[in-house]
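So that we are looking at the same thing, I have put the structure below in structure tokens.
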Amino acid sequence: MARKEMTGKPAVLKEVNIGLIKDALLRMGNATRVELCRETGISQPTINVLIKELTEKEIVCSLGAGDSIGGRRAEIYTLNRKRNHSIVIAADQSSFRYCVFDLALNREMEGACARKTEMTYTEQLTELLGTLLAQTDDVTAIAIGVPGAVSSTGQIFAIPQIPEWEQFELQSYLEEQFDLDIVVENDINAVAIGYLKAEQNAGSSVKDLIYFYVGEKGLGAGIMIGGKLHCGCNSFAGEVGYMQVSQDSIELQLSKMCDEERGKLLAKVITNMICVLDPQQIVLGGRVTERMAEQIGKACQESLPLKRMPVFTRILDSSDYYFGGLGTLGQELSNHRIRLQ
């Protein structure tokens, strides 16, 4: 629905109108000046002036003239997606992996660096971000993945791999250091986001899924409901390793079991999660063998009505989904900034 052009201080109005144009191009992909006028409610003369300025600054670029429907062919414009980059970093106990995405989630740079024991994790992460920012133009967002739970404010907890970050407000710290929009997310949640994004890009209609990651000793889940990550009121949703199926926690039991026993226990956990959340798809990753996946699926079928069974999928490598999820979070932050600029 078109919005009325605002009136007020010229400098403020200009920024607001530029934000409306960027937002429209982000949603539409590309548009003529007439279409932008109709979409934003901004007057034609103002659109003409601002598009000229944005094109000169290479924030917007021309795709040339469109097909003629009678009369002069209208020029088509789009956002210069190379002017909005996001940096994503996946931190774990032994390394930092990184990737630079443009606004269309194309990878422009990626790599990894080993943990430097002479530095703290925070110092090394800060140093790496500084290097990547110096090498990348127009960074609008940063997304950090960590092997621990993360609150809505970016505070990390339950992160035994990196005790230094226990109860650390990593997001606030980095925002103060770099004056950029930053998001910190749990690694398993990021994989769930990335997997769903990839499925939807491939034409899938799935919106509800659970990604189960089975580690050597632990278990975690990323829960997507209605296409959105479900975190819970305390950002603790998905920490299924703490579930009590008998006297001990799931994680403690898994650490003492062989693969066959682990498969039976995981089937109980997944059956319970299906009963509560009724997802369209269950995605298994980590240390789940093909035999374990078959065992889990069969056990769930025996416990649940067949028509209520979700689709089961097993993934061997979650790296692309992990980066894709972090990239999606960075893209959402970039889009938010575009709307506000």
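Nothing charged except the Cβ atoms of Lys and Arg (+1) and of Asp and Glu (-1): what's the magnitude of the dipole of the chain about its Cα centre? Round to the nearest 20 debye.
Taking the Cα centre of the chain as origin, the dipole is about 1320 debye.
Go through region 182-234 and name the GluC sites (Glu not before Pro) that are in a DSSP coil and have 12 or fewer other Cβ atoms within 10 Å of their Cβ.
GLU216
I would also like to ask the following. Please give every one of the lysines within straight-line cross-link reach of LYS197, meaning a C-alpha to C-alpha distance under 16 Å, and leave out same-chain neighbours fewer than 8 residues apart.
Within reach: LYS207, LYS228.
Could you put ILE296, ILE89 in order, starting from the residue whose Cβ has the fewest other Cβ atoms within 10 Å?
With the fewest neighbours first, ILE296, ILE89 line up as ILE89, ILE296.
Compute the relative contact order of the chain as a whole-number percentage, counting only Cα pairs closer than 8 Å that sit 6 or more residues apart in sequence.
Rounded, it is 16 percent for the chain.
Please say if the chain is rounded, prolate or oblate, where rounded means a/c under 1.5 for a ≥ b ≥ c the square roots of the C-alpha gyration tensor eigenvalues, and otherwise the choice is prolate for a/b larger than b/c and oblate otherwise?
prolate
Using a Gaussian network model of the chain whose springs link C-alpha atoms within less than 10 Å, name the residue from ASN272, ASN234, ASN106 with the highest mean-square fluctuation.
ASN234
Mean-square fluctuation check for the chain, GNM, Cα pairs under 10 Å: which of PHE101, PHE157, PHE178 is largest?
PHE178
Among ASP317, ASP23, ASP187, ASP92, which comes first, then next, by fewest other beta-carbon atoms within 10 Å?
Neighbour counts put them in this order, fewest first: ASP317, ASP92, ASP23, ASP187.
In debye to the nearest 20, how big a dipole does region 10-79 give about its Cα centre with +1 on each Lys and Arg Cβ and -1 on each Asp and Glu Cβ?
Rounded to the nearest 20 debye, it is 120 debye.
Further question on the same structure: Test of understanding: in a Gaussian network model of the chain with alpha carbons linked when under 10 Å, which of THR78, THR328, THR120 would top the mean-square fluctuation ranking?
THR120
For the chain, what does -39500 (n - 2.57) per DSSP helix run (n ≥ 4), summed and divided by total residues, give at 222 nm, in deg cm²/dmol to the nearest 500?
Estimated from H runs of four or more residues: -13000 deg cm²/dmol.
If neighbour count is taken as other Cβ atoms inside 10 Å, put ARG83, ARG73 in order from fewest to most.
In order of increasing Cβ crowding within 10 Å: ARG73, ARG83.
Turning to a different aspect of this structure: Over region 201-317, what relative contact order in percent results from Cα pairs under 8 Å that are six or more residues apart?
Taking the mean separation of contacting Cα pairs over the length of region 201-317, I get 27 percent.
Any idea what the dipole of region 239-341 comes to, in debye rounded to 20, about its Cα centre with Lys/Arg Cβ at +1 and Asp/Glu Cβ at -1?
In debye, rounded to 20, region 239-341 gives about 260.
Let a ≥ b ≥ c be the square roots of the eigenvalues of the Cα gyration tensor of region 10-79; is it rounded (a/c under 1.5), or, if not, prolate (a/b larger than b/c) or oblate?
Taking the square roots of the gyration eigenvalues as a ≥ b ≥ c, region 10-79 is prolate.
Normalised by the residues of region 10-79, what does the relative contact order come to in percent, with Cα pairs under 8 Å and at least six apart?
Normalised by residue count, the contact order of region 10-79 is 33 percent.
Of the options LEU54, ASN30, ASN84, report the single residue whose Cα projects farthest towards the positive end of the charge dipole of region 8-103 (beta-carbon charges: Lys, Arg +1; Asp, Glu -1).
LEU54
Let's test the formula: R0 of 35 Å, r as the Cβ-Cβ distance of CYS258 and GLN93. What FRET efficiency results, to the nearest 0.05?
0.85
Throughout, read-outs are computed from the coordinates displayed, never taken from laboratory work. All values derive from a computational prediction rather than experimental measurement. We place every Cβ from the backbone using ideal geometry, glycine too, and count neighbours over all the protein chains shown.
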